[in-house]
Amino acid sequence: MILFGMLLLAFLYMSPVTPATSVAATDETTVVSEEETSENQGDPDAMVDEALRQLQSGEVPPMQGILKIREVAEKYPGNVKANFTLGMLSMQTGQYAKAVGRFETVIEQQPENADAWYLLTKSQLNIGDTINAKQSFEKTLTLVNEETGNEYKKELPELE
């Protein structure tokens with residue numbers, strides 16, 4: 001649980017934060033106005049942001065927040081933010097095969113996403129797919145600067 005919390009905080013730190021503007025507080029719960037809910041209905045990224053905000057604030061239990069993000073990914077299968085988030089969460093829980101699928105979906109939409117390539121590499125290594133991990137790592141290195149590439153090489157010396 002602590003590991004999940006740390007990973008979630010790391011993700012939230014790296015994610016852009018969109019403050020909720022029309023939130024009204026009641027005695028013990030927070031109620032989101034109908035206007036904000038309807039605004040988010042057509043914007044999958046906003047729906048993911050809202051689920052992450054609810055997770056961070058503790059409004060919903062972790063699994064409920066994850067299910068909300070998964071619903072976005074099911075409704076919008078090519079959504080980068082939902083798939084990237086679910087890929088990271090899959091890695092946190094040791095579900096590396098699922099993470100591979102999520103990062104592959106991100107890469108289909110954004111082939112130049114260096115973070116997705118790097119996390120795909122790490123996920124592939126964790127399932128023992130070193131051949132594809134080496135190919136993914138080579139692609140990662142073409143997308144990052146030399147300094148970042150050197151750091152990645154230190155983290156994954158088995159791919160050199």
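The values are calculated or read from the model by the stated rules, or taken from the named source; none is laboratory data. Worth saying up front: this structure is predicted, and the values here are computed from it rather than measured. For neighbour counting, all protein chains shown are included, and Cβ atoms are generated from backbone atoms with ideal geometry for every residue, glycine included.
When 81, 154 are screened for being surrounded by fewer than 16 Cβ atoms within 10 Å (Cβ to Cβ), in a helix (DSSP H, G or I) and basic (Lys, Arg), only 154 passes.
How many residues does region 28-47 hold that are outside any loop (DSSP other than H, G, I, E, B), modelled with pLDDT of 80 or more and acidic (Asp, Glu)? Spell out how you get there, then give the answer.
First, pick out the residues of region 28-47 that are outside any loop (DSSP other than H, G, I, E, B): 30-32, 34-41, 44-47.
Cutting the leftovers down to modelled with pLDDT of 80 or more gives us 44-47.
Of the ones still in play, those that are also acidic (Asp, Glu) are 45.
The qualifying residues number 1.
Of all the listed residues (112, 50, 104, 59), the sole one being surrounded by fewer than 21 Cβ atoms within 10 Å (Cβ to Cβ) and either touching a His at 6+ places or on another chain (Cβ under 7 Å) or in a helix (DSSP H, G or I) (or both) is 104.
Determine, yes or no, whether residue 8 is crowded, with 20+ Cβ neighbours inside 10 Å, more than 24 Å from residue 121 (Cα to Cα), within 14 Å of the chain's Cα centre (by Cα) and at pLDDT below 95. Give the derivation first.
Numbers: crowded, with 20+ Cβ neighbours inside 10 Å: yes; more than 24 Å from residue 121 (Cα to Cα): no; within 14 Å of the chain's Cα centre (by Cα): yes; at pLDDT below 95: yes.
For residue 8, the condition - crowded, with 20+ Cβ neighbours inside 10 Å, more than 24 Å from residue 121 (Cα to Cα), within 14 Å of the chain's Cα centre (by Cα) and at pLDDT below 95 - is not met.
Counting only residues that are within 25 Å of residue 77 (Cα to Cα) and touching a residue at least 24 places away in the same chain (Cβ under 8 Å), region 130-151 holds 3 of them. Can you confirm whether residue 71 is surrounded by fewer than 17 Cβ atoms within 10 Å (Cβ to Cβ), over 19 Å from residue 160 (Cβ atoms) and of a type in the set (Asp, Glu)? Answer is yes for this residue.
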